[in-house]
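**Student:** A single structure is presented below for examination.
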Amino acid sequence: MSSISSALQGVLQQIRQTALAAGREPDSVQLLAVSKTFPAEAIREAWAAGQTAFGENYVQELLDKAHILTDLPVQWHFIGPLQSNKTRPVAEIAHWVHSVDRLKIAERLSAQRPAQMPPLNICLQVNISGEDSKSGVTPSELPALAAAVARLPRLVLRGLMCIPAPTTDPLQQQAAFAALRELYEQLLVDGLALDTLSMGMSADMVAAIREGATMVRVGTAIFGHRHYPGNPA
Ligand SMILES: *Cc1c(COP(=O)(O)O)cnc(C)c1O
């Protein structure tokens, strides 16, 4: 078994065990494998091990990998910051976008979604920890944005996404995810038909699953540590 395949099985097992321990159905949490910075061959390996949904953060990298992997029906999720001049290729390739935080971006994605493709699945990114530097709509602006995005014809609003401020304290992790879940539940009360809470990464997916995550976005725990050229992060 390749190291990607065995890491993937380990993550899937941890997802199921955490869900069960939280009194949830073991298959109520989907795994999005975050393949940013890793080569298309790494996606091929994970695909061979049964993984079909992959997350990418950078538009050009998504385009390059989708081009190399045209023989695989990969489900592409765009999860990175999206500028308005880069929406078209994302609208033409992605099945999901998790990082919408402005109406202008949503309007462009809807207008640019090819007519022969199914509507594009959308999560709204919420700045749940209130960090100045972070992308994401503020909790107070969320209801108006959600209502407006839900009306766009070529999008389907599926739910919410967050990237909380990093902390190793499980209670603080859980508090941030609980806050996103409460915003989500309020939108359901408001009448929106949502089914997705995209929250939890390698370091905090246990806390996220305990708070109701339906999709965890996991990179490092599957593919290993990332190396960015010219960037120590
Ligand atoms: C990189 C990234 C992830 C995966 O993070 P890991 O810590 O490697 O699991 C998840 N979500 C987003 C938005 C990311 O940018």
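Read the figures in this text as sums done on the coordinates, not as results from a lab. Fair warning: this is a prediction, and the values are worked out from it, not measured in the lab. Ideal geometry is used to build each Cβ from the backbone, glycine not excepted, and the neighbour counts take in all protein chains shown.
**Student:** Identify, by number, the condition in (1) buried (at least 18 other Cβ atoms within 10 Å of the Cβ); (2) under 24 Å from Asn57 (Cβ atoms) that Arg210 doesn't meet.
**Tutor:** In the conditions (1) buried (at least 18 other Cβ atoms within 10 Å of the Cβ); (2) under 24 Å from Asn57 (Cβ atoms), Arg210 misses (2) alone.
**Student:** Residues in the stretch 116-144 that are surrounded by 17 or more Cβ atoms within 10 Å (Cβ to Cβ) and closer than 13 Å to Leu155 by Cα: how many?
**Tutor:** 5
**Student:** Do any residues in the stretch 1-24 that are without any contact (Cβ under 8 Å) to a residue 60 or more places away in the chain have Cβ atoms under 6 Å from those of residues that are in a helix (DSSP H, G or I), where the two are at least six apart or on different chains, and which pairs are they?
**Tutor:** Correct list of pairs: Ser2/Glu45.
**Student:** For the stretch 178-207, what are the residues that are more than 13 Å from Cys162 (Cα to Cα) and touching a strand residue (DSSP E or B) at 6+ places or on another chain (Cβ under 9 Å)?
**Tutor:** Answer for the stretch 178-207, where residues must be more than 13 Å from Cys162 (Cα to Cα) and touching a strand residue (DSSP E or B) at 6+ places or on another chain (Cβ under 9 Å): Leu187, Leu192, Ala193, Leu194, Asp195, Ser202.
**Student:** Moving on to the next point. What is the number of the single condition among (1) buried (at least 17 other Cβ atoms within 10 Å of the Cβ); (2) of a type in the set (A, V, I, L, M); (3) under 20 Å from Arg151 (Cβ atoms) that Ala111 does not meet?
**Tutor:** With respect to (1) buried (at least 17 other Cβ atoms within 10 Å of the Cβ); (2) of a type in the set (A, V, I, L, M); (3) under 20 Å from Arg151 (Cβ atoms), Ala111 is out only on (1).
**Student:** Here's another thing I want to ask about it. For the stretch 211-223, check the following and say yes or no: at least one residue is more than 15 Å from the ligand (Cβ to nearest atom) and more than 23 Å from Ala42 (Cα to Cα).
**Tutor:** Yes: the stretch 211-223 contains one or more residues that are more than 15 Å from the ligand (Cβ to nearest atom) and more than 23 Å from Ala42 (Cα to Cα).
**Student:** Give me the residue from the stretch 45-67 that is in contact with a Leu (Cβ under 7 Å, 6 or more places away or on another chain) and assigned to a loop (DSSP other than H, G, I, E, B) and, out of that set, farthest from the ligand (Cβ to nearest atom).
**Tutor:** Ala49
**Student:** Among the numbered criteria (1) farther than 25 Å from Asp132 by Cβ; (2) within 13 Å of the ligand (Cβ to nearest atom); (3) surrounded by fewer than 19 Cβ atoms within 10 Å (Cβ to Cβ); (4) touching a residue at least 24 places away in the same chain (Cβ under 8 Å), which single criterion is violated by Thr168?
**Tutor:** Here Thr168 meets the rest and fails (1).
**Student:** Next up: Looking at this structure, is Thr70 under 24 Å from Leu155 (Cα atoms) and either away from the ligand (no atom under 16 Å from the Cβ) or part of a loop (DSSP other than H, G, I, E, B) (or both)?
**Tutor:** Here the answer is yes, as Thr70 does meet what is asked.
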